[in-house]
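Let me begin by presenting the structure, written as structure tokens, before commenting on it.
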Amino acid sequence: NQLEELPPFGPRNWRLTRLLLESNPLRPVAVQSLVSDLSRSYIKTLGLDSNQVAVPELPDPLPAAVSVGTVIPISGQSQLSLKLTKASRLRRSTDRAESDHPELLIVAFAASQGEPEWLGFLRRLYEVGEVKPCCHRSSLDFAEEADFDARMARLWTHCTQEASTEAPPEETPALPLGDFDVLTVVDHRMRWYAEDRGALQQVLKTLRPKYQKMMCVGASMGGFGALLHGGLVADAVVAFNPQATLTEALLRPPAETPQELEDLSNAVMESVRVALARKAQMIVHCAADEHLMHALALPKGVALVVHPLQPRKPFARVLDRAQLLIPIVSDALYRLYGVGSYSQESPLLGCWCRSGCLRCVPIEPGRLLRLFFGASGMIPRPAVFAFALGDAFALGDAFALADAFALGDVFGLQGAFASALSFFSFATCEALGIGVATCKTPGVEGQLASLV
């Protein structure tokens, strides 16, 4: 963050679509050149801070692609970056007026990509202009058929072409959503927001009295950060596929000892308990994969919605592309303003509907596990590995791994096996050693041996 000037050929010759320059000591002439060339470039988002745009020669209003906010300083040695922006300034529009004193603050914790991926989503949420519920309680016959495909098909009945003729759930009057502030938090060192934890918590505590409501959102590492920090100060937390038990997590921060990971896991559990004790809404959406194990480990009282899929891409991104992410966050905001409670003792199955809502079916945790992972009700490490290699793994029998590798003819399964290797929790599966000893298939044997 020491840029004073930019290359002389200008943004019109760059292939960048997003350029974030906050905190750089740009000279006024560099800022003027950027803004003047913006319409002739590929840039869709130009991130600047309030100090950089304090140049009289800039046009008023600024182009729609310019996102301006205030960089919040934070003490310590971590590489945390915080930027406070009005939702109306994420992409400028003349359709709606800015608010000088927004009542709502949404704190968006970035995932491990180390970039503020929530800005575009929150801009679209603001443009909708209203919030309403999307999770509707429902019932479903969970006859536990022996056939796995039949069980899963039952959960997707509301997405079929025939379901498009069904009457949608009863409409509830929407609430208006005015301008709100967005605080983006990025952990560039991917330490799961544990570095300088006290300094970050102090920033959030300082901001909290300025707003009537505060909500934290995040996915994966960002979901962990939202639970860890939002549980102490926020009125609501919405986390997507967060890790909880870091000693078992496939994605986790570096640590000198397992005890450090256990201490950080205990810290997030305690934060959730504090939030529940002060009646904050703690909402977790997860897929039916390794993240289900983490979600079930959270303290009772968390509103857990389990989606019947195992995405190979970031879960929040899958929800967004299915046009469900905005309804889910909108639902949380609707309840944040006191319209209905989102707490329940049992998890909910989030069955997708063609109408863009969720039919949430209460289900007891043991039955939930049997539904996805067979009669034993045990979660494989991870569940993706079980589905990739067959129903034998779905029974939770880790030692069946050796038998599967010893079959010899795994042609056609090697691709699935290779893609699943990166998801497998080797630290907790004793069958790995047996698998190496018995597997004689070229390629697979080498992959296992190298991972030991």
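In this structure residue 371 has an accessible area near 10 Å², from a 1.4 Å probe over the protein heavy atoms. Could you please state, rounded to a whole Å, how far the C-alpha centre of segment 40-112 is from the C-alpha centre of segment 197-267? One Cα centre to the other: 23 Å. Beyond 31 Å in Cα-Cα separation lie the following of the pairs 44/205; 132/279; 205/313; 205/300; 86/300; 279/313: 44/205; 205/313; 86/300; 279/313. Sorting 42, 211 by accessible area puts them as 42, 211; the probe is 1.4 Å, largest comes first, and only protein heavy atoms count. Annotation: per residue accessible area for segment 1-50 equals 59 Å², rounded to a whole number [probe 1.4 Å, protein chains only].
Taking 0.36 nm per residue of sequence separation and removing the Cα-Cα distance, the residue 4/residue 199 pair yields an extension gain of 67.3 nm. In this simple spin-label model, placing a label point 7 Å from the Cα along the Cα-to-Cβ direction at both residue 15 and residue 103 gives a separation of 4.8 nm.
Multiplying the residue separation of residue 51 and residue 278 by 0.36 nm and removing their Cα-Cα distance gives an extension gain of 77.9 nm.
When 40, 367 are compared by accessible area at a 1.4 angstrom probe, the order from most to least is 40, 367. Within the accessible area of segment 1-112, the carbon and sulfur atoms contribute 48%, probe 1.4 Å, all protein chains present. Restricting segment 257-353 to GluC sites (Glu not before Pro) that sit in a DSSP loop and have at most 14 other Cβ atoms within 10 Å of their own Cβ leaves 345.
The gain in end-to-end length when the residue 297 to residue 323 segment is fully stretched comes to 6.5 nm, 0.36 nm per residue minus the alpha carbon separation.
The values are calculated or read from the model by the stated rules, or taken from the named source; none is laboratory data. Remember, it's a predicted structure, so these values are computed and weren't measured experimentally. So basically every Cβ, Gly included, is an ideal-geometry build from the backbone, and we count neighbours across all protein chains shown. Remember, those area values only see protein heavy atoms, side chains included, never the ligands or the DNA or RNA. Shrake-Rupley method; radii C 1.70, N 1.55, O 1.52, S 1.80 Å.
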